[in-house]
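What follows draws every value from the coordinates through simple rules; no lab data is involved. Everything numeric in this text was worked out from a predicted model, so none of it was measured. Note that we place each Cβ from the backbone using ideal geometry, even for glycine, and neighbour counts take in every protein chain shown.
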Amino acid sequence: MIPMEHYLIVSTLMFFIGIYGFITRKNMIAMLISLELVINAVDINFIVFNRYLFPGQLEGMFFTLFSIAITAAETTVALAIIINVYRKIGNVNVGNINKMKN
Amino acid sequence: MDFSNFLYMKQEVSLMIVFIFLFLYDVFCSEKGKQRFQLVACTLFAIHTIFGFLPHILDAIFGIKYNLGIGILGCFSFPTGDAFGGMFISSDMTIFMKNILNIATLLVLLQTNNWLKADDTVHKRGEFFIITMVTLLGMYLMVSAGNFMMLFIGMETAALPLACLAAFDKYKEKSAEAGAKFILISALSSGVTLFGMSFLYGATGTMYFSDMTAQIMSNPMVIIGFIFFFAGLGFKLSLVPFHLWTADVYEGAPTSVTAYLSVVSKGAAAFALIFAIYKVFGNIGIVWHHIIWFLAVITITLGNLFAIRQKDIKRFFAFSSISQAGYILLGIIAGTAQGMTAMTYFVLVYVFSNLAAFGVISAVENKNGGDTRISAFNGLYKSNPKLSLVMMLAVFSLAGIPPLAGFFSKFWIFMAAFAQGQHVLVFIALLNTVISLYYYLLIIKAMFINESEEGAVQRFTTDGYNKTSLVLCVIGIFAIGILSCIYAYIGTLSFGVIR
């Protein structure tokens, strides 16, 4: 069986790639995709901990199911708001939502 | 399934009844009836608020923990304990905290009338109330959570509709910007929180607060989990390294939503944080102690320093609310029942002071076409003496001038931290109160001394709803400080929670 650490290394890498993408991407859709990486890294973590450390219970699996559903809702709301931004300024570049900075 | 568990959730059930009724009313009511929507919604919510206060009123009349037993009267007593296998915890303290959130929401709802009556929002007035109540339900779940999954669901139920509310003025570019910034940051923060929770789960093998407490030791996995978890809640509470969204979202969102964000959302996050820290991380006090100490200092200081240079009044109150969140941390760092009492009392006072200020802002803003620069308030005393008086009381209470409630709330929170030997921290916080007095006085100066600009608001009368909310706020600002029984009562509640 593959040791647990290998999964954790993958999930940690995914988490920080997601954070990096969130910070560096200029397109809001790409930022959402980066966030998806973050959440999926967490889901891997939960499942791995559950499977390897506490195989007798299902709490981690349940948490993963809940987090998938809630993340889907989150993405929906975010996309709706991004569409609204697109209608207002004509693109989805975060650099252009700077009206309040000046 | 045993439905008696729902008896522990009376406030949630009552909120759901209000919610469903308003939903049906909004869908099926005639155009004529819709004109009375504000009245119906505010009345129903006021009844819900009073219903939540019943156990406290009964306590006051019949002595602590009066139980009405079963039968008709039994509807009005609130059982306490764990429901749904420990997922949901109802205690006297959570009931009181939810009541604070109720009062704040009621005051915000009263202030929305003028804004929602405008042509481009009137057709979605029902939506505003319904979405607000969904966020409130999420905050109830956050406060009552006994399990990290429940806490997470509550946080998301609160955050997602709040993003919709921030983007509610869909024809305004600023509002869309605020919504986009809020949803992206809150999604990131929930991802970070989840990452922390996954490590806590890996280290302890359970998600229940009560089971986790015994397993928490200061090993690296728990510490990583705690830090990510705390960072996620720090975003919601807008503590300083995580505060960057606050000013933009507060400025762009509609004023009533800003008021809701700054008071209700922040209050709920503070309550959830204090329960999580006290119940779960009590064993590793040595770890979070230093983190919170440092965060409290930079939150209060940076919040104050940035507030000084703001030109827009909503941005100004955003930074003022950041520094107030720093004071909330002082109550948390104490780690005692006294600290919890002081923090709850602080939030209660903050609700009234901040909402009085936002009530005045939204009244003025509705008259001058959405101008929220501080200079728009120049000479307000000449044109509207009563409104400027309310604003003066509000900022004096926020700054902590003695006869007002804000002084007492700061006093108790400093006392709680000082009693645990946090002398340096309390000294830094005291210095910051002096700095904060300077920038709060800038608003007073604009209203009372500066000459009014061209095109400033003329004399006007606000509508009855806003007037009611402002009067309630002023009563709160005076009464809560002077009636010492309130602080003593919160004290009796919080001693049940910790040890």
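Could you tell me what % of all Cα pairs in segment B:229-347 have separations over 20 Å? Value for segment B:229-347 (Cα pairs over 20 Å): 38 percent. In terms of its C-alpha gyration tensor, segment B:176-272 comes out prolate, because a/c is 1.5 or above and the ratio a/b outweighs b/c. By how many degrees, between 0 and 90 and to the nearest 10, does the Cα long axis of helix A:28-53 differ from the longest principal axis of chain A? With rounding to tens, the tilt is 10 degrees. Whose amide H sits under 5 Å from the amide H of B:ILE401, counting only residues 5 or more places off or on another chain, with H placed in the peptide plane? When sequence neighbours closer than 5 places are left aside, the close amide H contacts are B:PHE407.
Whats the longest run of chain B with zero GluC sites (Glu not before Pro) that are DSSP loop and have at most 15 other Cβ atoms within 10 Å?
Within chain B, the longest run free of exposed GluC sites (Glu not before Pro) spans B:1-450.
Helix by helix through chain B, keep the DSSP H runs that span 30 Å or more along the axis on Cα and average at least -0.5 on Kyte-Doolittle, and give those back in order. Helices meeting the span and hydropathy rule in chain B are B:37-62, B:173-204, B:285-308, B:313-334, B:337-367, B:423-448. With the convex hull of its Cα atoms as the shape, segment B:87-146 has an orientation-averaged projected area of 4.2 nm². The Cα-based radius of gyration of chain B, divided by its Kirkwood radius, gives an Rg/Rh of 0.95.
Going by how many other Cβ atoms sit within 10 Å of their own, how do B:HIS56, B:HIS48, B:HIS290 line up, fewest first? All intermediate terms of the calculation are to be shown ahead of the outcome.
On the way: B:HIS56 16, B:HIS48 20, B:HIS290 11.
The fewest-first ordering by Cβ neighbours comes to B:HIS290, B:HIS56, B:HIS48.
Can you flag which of B:LYS311/B:LYS445; B:LYS386/B:LYS467; B:LYS172/B:LYS445; B:LYS311/B:LYS386; A:LYS26/B:LYS181; A:LYS88/B:LYS367 are past 19 Å Cα-Cα? Please list the in-between numbers first.
Values: B:LYS311/B:LYS445 14 Å; B:LYS386/B:LYS467 11 Å; B:LYS172/B:LYS445 31 Å; B:LYS311/B:LYS386 23 Å; A:LYS26/B:LYS181 13 Å; A:LYS88/B:LYS367 25 Å.
Table pairs above 19 Å Cα-Cα are B:LYS172/B:LYS445; B:LYS311/B:LYS386; A:LYS88/B:LYS367.
Exposure here means at most 14 other Cβ atoms within 10 Å; with trypsin sites (Lys or Arg not before Pro) in a DSSP loop as sites, the longest stretch of chain A lacking them is A:27-100. Placing one equal scatterer on every Cα of the protein assembly as shown and applying the Debye formula, the log10 ratio I(q)/I(0) at q = 0.07 Å⁻¹ is -0.40.
One decimal place: the segment B:ILE17-B:SER484 gains 164.7 nm when fully extended, by the rule 0.36 nm per residue minus the C-alpha distance.
Can you tell me, using C-alpha contacts under 8 Å and at least 6 residues apart, the relative contact order of chain B as a whole percent?
Values: 722 pairs, mean separation 69.8, N = 499.
With pairs under 8 Å counted, the relative contact order is 14 percent.
Find, to one decimal place in angstroms, the Kirkwood hydrodynamic radius of segment B:185-240, where the mean of 1/r is taken over every pair of different Cα atoms and then inverted. Result for segment B:185-240, one decimal place: 11.3 Å.
Under 15 Å from a label point set 7 Å out along the Cα-to-Cβ vector of B:LYS34, the amide N atoms of segment B:114-135 belong to B:116-130.
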